[in-house]
Amino acid sequence: MAEAVSPTTSEKSKAPRIGVYICHCGTNIAGSVDISAVEEYARTLPNVAHVDNYQYMCSTPGQGKIEESIKEKGLTGVVVAACSPRLHEPTFRTATKEGGLNPFRFEMANIREQNSWVHMHDREGATEKAKDAIRIAVAKASLLEDLYPKSVPVEHAAMVVGAGVAGMQAALDLANAGIKTYLIEKAPTIGGRMSQLDKTFPTLDCSQCILTPKMVDVGRNENIELMVNSEVEEVEGYIGNFDVTIRRKASGVLSPKEAEARGIVGGGCTGCGDCVPVCPVTKPNPFEMGMAPRKAIYIYHPQVVPLLYTIDWDSCVKCGLCVEACGEKKAIDLEMQDELVKVKVGTVILATGYELFPIENKEEWGYKRYENVITSLEFERLICASGPTGGHLVRPSDGTTPMRIAFVLCAGSRDNTGIGKPYCSRFCCMYSLKHAHQIIEKIPGAVPYLFYMDIRSFGKAYEEFYYRIQDEGAKFIRGRVSNIQEDPKTKNLYVYAEDTLLGRPMELEVDMVVLAAAVQPTDLTNKTRKLFGVSCSQDGWLLEAHPKLNPCGTTTAGVYLAGACQGPKDIPDAVAQAEGAASAASIPIHKGEVELEPYYAMCIEEKCAGCGMCVNLCPYSALSLVEKDGRTVMQVTEAKCKGCGTCGGFCPGGAIWMNHFATPQILAQIDAFLIGGEQ
Amino acid sequence: MAENPEGWQPRILAIICNWCSYAGADLAGGARIQYPPDVRAIRVMCTGRVDPLFIMKAFTDGADSVLVSGCHFGDCHYLEGNYKAAKRMFLVKSLLKNIGLDDRRLRMTFVSASEGAKWAKVIEDVVNVTRELGPSPFNREFGELKELV
């Protein structure tokens, strides 16, 4: 049997006196649990010196009851039977502390989320379960010890992963608050999805015009260290002290700074573009959704930040013509290798964005089979003045101007067939209205037909925009498109749907179809979130710490979320969340220190045989073997230990004491449940 | 099920991790998804903390079933604690067989923080399997071997 006290406790603690407080939570708990029966039962439990109940224990009077009775009754531990500890543990720990006890002498019995709310029609079962939960909590509280959180300094630097509009905004805010910020972007330029858009709804601002000043600000800001062509490779450490390894992919092109470091005076890429005409390789440009060519050495578009060319190694044949064309600047290095860069930051913001759902999976709409069926992002590039057609909307099949254009909204969104996404992608209604407006404005006589389920124009001035497009002559058909067929001769498309307002099926011949495809997290989101220990929802969107009250935070302390990686967001929402995340991420940095939960492991040296099994198990390299008094024992580096307890779950000699989750404490809980707490 | 002794209610211990399964169980509560009240949960920070001793102790104390639930593989808040726990479960299952317990009485599941509905389903399933198996031989009141414990 394991020791009942931790290795650092010098004297045996006095006999436990536990106070039990039962919360009604209005009728949330009291509606399904017989509070007075539970209270009567709690009085009979060993070590219980005080029992009370209250309507709302988390209220000021409720907390006051705890504080007063700790002093009056000389309690050594506190049990509150209420909601989940994930909600109110901090509240009651503070109350315990105010009452004069160490805050870690508090244990919570969850009788709401895991009891009254899930057994609403079984009062007897719920009441018995509440009694057991309190008995288990009292057993643990009787063995709890004083613990002291450790303060650690916070590195005065932050990292933002993803340089779309959200990531850029977050990085600018952090940098302008005086924090050194590393901005990591996988693409060769910052700007993200927003830089691909033509106009923004509902104001019809030119997207590039409002974005490029921000891009330039980011590029110029002294506190921002921009790393394009880069991905996060490895993450170690914890809030305040993240050691992040970044893979800077070889771009094949030296910036003026890098050239100088190599001793090439006055060299490096100036963005002149002399290398492009000589390159013999032509590939589709992903920035133009593959609708325009690029060379093996390329930039996405003229406004890229940083203005540096990049070599696509998959298509480069290493002929060396670009090197010759570059001449004295010596900016091109065809033998460049990936570089691993290590940085230390205090907090991290993830802003990894979204991508379009592969809409070809919805085969009935014929995307990739029919040339004139395009996605909304392809439409953005075709209608954009800086796009492949100079802003002239043309049919991909024959280059003519389409006059009848169908828009399929909810294409893959709000789709419970298992192929699409069950959620609303939130911004497709609004950009489709914008697309309709652009067609009417640019092509006299052209008619947009919008096939919709509901028009969700929820934002500021959005509904007004919807009315405006209706007045401009766009046709709205309430119904989901069931099928699209192509006329093989004309390449025109027949759209089949049910007009649910008229209650009859319809067929419409159009020149072009635009699919407002659902959005999903980017391919790298999943890899990145795992590196930072962030959870995701069933759809893969990153999970916030609390959907209402902590939408920017995550369950990993020091890691925050901004933009569409957390769920589909339009530009104002993404920017707003980015500013929120930047503010949250700057708090620990400006405070300068954070308190870490003292759940670290300790070695009970008399029991340790020095086998070293635990050393190999620890994912954080927090454990090591040392020589002490002529024998080998394990030693914990407390700052590295995150308190998972994997070592403690394995130690064959029971020589590891996990603070707050120690073996005797857990065994006492098991005994309390199954044999009533007396051994 | 008809053979189960009168008055017997399954006594099931769940040891669940703070980050995924405990959060998932809380989510089921928030969504008011109803499930049977036969499971008592103990929270640990990670399923990696689950010492085989805890499970054996629960069975010798008379538990009818034990459920260990953590994050999905690759989702562990502590990188790989759930893998290590899962590996240990095989060991414990073989130990259970050796002492004559049906190893279906021990179950490890993976429920994420967003899977409230799955948590409810897991509980229903564990309770159903336990009812099918009847009281554990070491159950202090109803077990065949209760004199031994």
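The values are calculated or read from the model by the stated rules, or taken from the named source; none is laboratory data. All values derive from a computational prediction rather than experimental measurement. Using ideal geometry, Cβ is built from the backbone for each residue, glycine included, and neighbour counts are taken over all protein chains shown. Please note that ligands, DNA and RNA were not included when accessible areas were found on the heavy atoms of the full protein model with its side chains. Shrake-Rupley method; radii C 1.70, N 1.55, O 1.52, S 1.80 Å.
Considered as a group, the residues in the range A:84-136 that are of a type in the set (K, R), facing chain B (nearest Cβ under 10 Å) and under 33 Å from the mean Cα position of the chain (by Cα) include one that is surrounded by the most Cβ atoms within 10 Å (Cβ to Cβ), and that residue is A:R112. Could you tell me whether the range A:561-582 includes any residue that is within 11 Å of another protein chain (Cβ to nearest Cβ) and surrounded by fewer than 22 Cβ atoms within 10 Å (Cβ to Cβ)? No; the residues of the range A:561-582 include none that is within 11 Å of another protein chain (Cβ to nearest Cβ) and surrounded by fewer than 22 Cβ atoms within 10 Å (Cβ to Cβ).
For B:K93, the criteria (1) closer than 20 Å to A:P652 by Cβ; (2) at the interface with another protein chain (Cβ under 9 Å from one of its Cβ atoms); (3) of a type in the set (D, E, K, R) hold in every case but one, which is (2).
Among the residues in the range A:4-19, are any open to solvent by 30 Å² or more (accessible area, probe 1.4 Å), of a type in the set (A, V, I, L, M), modelled with pLDDT under 95 and under 28 Å from B:M56 (Cα atoms)? Yes, there is a match, as at least one residue in the range A:4-19 is open to solvent by 30 Å² or more (accessible area, probe 1.4 Å), of a type in the set (A, V, I, L, M), modelled with pLDDT under 95 and under 28 Å from B:M56 (Cα atoms).
Condition check ((1) open to solvent by 10 Å² or more (accessible area, probe 1.4 Å); (2) free of Cβ contacts under 8 Å to residues at least 12 places away in the same chain; (3) not in a strand (DSSP E or B)) across all residues:
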position: A:C429; (1), (2), (3): yes, no, yes
position: A:S432; (1), (2), (3): no, no, yes
position: A:Y449; (1), (2), (3): yes, no, no
position: A:R456; (1), (2), (3): yes, no, yes
position: A:E464; (1), (2), (3): yes, no, yes
position: A:I484; (1), (2), (3): no, no, no
position: A:P488; (1), (2), (3): yes, yes, yes
position: A:L501; (1), (2), (3): yes, no, yes
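Among the residues of the range B:53-65, just one is touching a residue at least 60 places away in the same chain (Cβ under 8 Å) and open to solvent by 10 Å² or more (accessible area, probe 1.4 Å), namely B:T60. Out of the residues in the range A:321-379 meeting the condition of being under 31 Å from the mean Cα position of the chain (by Cα) and of a type in the set (G, A, S), tell me which one is surrounded by the most Cβ atoms within 10 Å (Cβ to Cβ). My answer is A:A351.
The set of residues from the range A:646-665 being touching a Lys or Arg at 6+ places or on another chain (Cβ under 8 Å) and either more than 7 Å from chain B (Cβ to nearest Cβ) or without any contact (Cβ under 8 Å) to a residue 24 or more places away in the chain (or both) comprises A:G649, A:F650, A:G653, A:G654, A:A655, A:Q665. Across the range A:583-598, the qualifying residues are those that are modelled with pLDDT under 95 and touching a strand residue (DSSP E or B) at 6+ places or on another chain (Cβ under 7 Å), and the one among them that is least open to solvent (accessible area, probe 1.4 Å) is A:P598.
Whenever a residue of the range A:225-237 is within 19 Å of A:G346 (Cβ to Cβ), its partners that are assigned to a strand (DSSP E or B) and open to solvent by 40 Å² or more (accessible area, probe 1.4 Å), lying with C-beta atoms within less than 7 angstrom and at least six residues away or across chains, give the pairs A:M227/A:R248; A:E236/A:D243; A:G237/A:D243. For the range B:5-29: of the residues being within 14 Å of B:S65 (Cβ to Cβ) and open to solvent by 40 Å² or more (accessible area, probe 1.4 Å), which is nearest to the chain's Cα centre (by Cα)? Ranking the qualifying residues of the range B:5-29, first place goes to B:R11.
Here's the yes/no breakdown for (1) free of Cβ contacts under 8 Å to residues at least 60 places away in the same chain; (2) assigned to a helix (DSSP H, G or I); (3) surrounded by fewer than 19 Cβ atoms within 10 Å (Cβ to Cβ):
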| site | (1), (2), (3) |
| --- | --- |
| B:L67 | yes, no, no |
| B:A86 | yes, yes, yes |
| B:V127 | no, yes, no |
| B:F142 | no, no, no |
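For the range B:37-48, the count of residues that are more than 7 Å from every other protein chain (Cβ to nearest Cβ) and in a loop (DSSP other than H, G, I, E, B) is at least one.
Tally the residues that are in a strand (DSSP E or B), surrounded by fewer than 18 Cβ atoms within 10 Å (Cβ to Cβ), of a type in the set (V, I, T) and touching a residue at least 12 places away in the same chain (Cβ under 8 Å), restricting the search to the range A:612-635. Number satisfying all stated conditions: 1.
Quick check on A:A139: is it in contact (Cβ under 8 Å) with a residue 60 or more places away in the chain, outside any loop (DSSP other than H, G, I, E, B) and open to solvent by 10 Å² or more (accessible area, probe 1.4 Å)? So that I can check it myself, show each step before the final result.
Details: in contact (Cβ under 8 Å) with a residue 60 or more places away in the chain: yes; outside any loop (DSSP other than H, G, I, E, B): yes; open to solvent by 10 Å² or more (accessible area, probe 1.4 Å): yes.
The answer is yes for A:A139.
Going through (1) in contact with a strand residue (DSSP E or B) (Cβ under 6 Å, 6 or more places away or on another chain); (2) open to solvent by less than 30 Å² (accessible area, probe 1.4 Å); (3) at pLDDT 95 or above; (4) closer than 30 Å to A:G533 by Cβ one by one, A:G252 falls short only on (4).
Every listed requirement among (1) open to solvent by less than 10 Å² (accessible area, probe 1.4 Å); (2) facing another protein chain (nearest Cβ under 7 Å); (3) over 30 Å from B:G143 (Cβ atoms); (4) touching a residue at least 60 places away in the same chain (Cβ under 8 Å) is met by A:G643 save one, (4).
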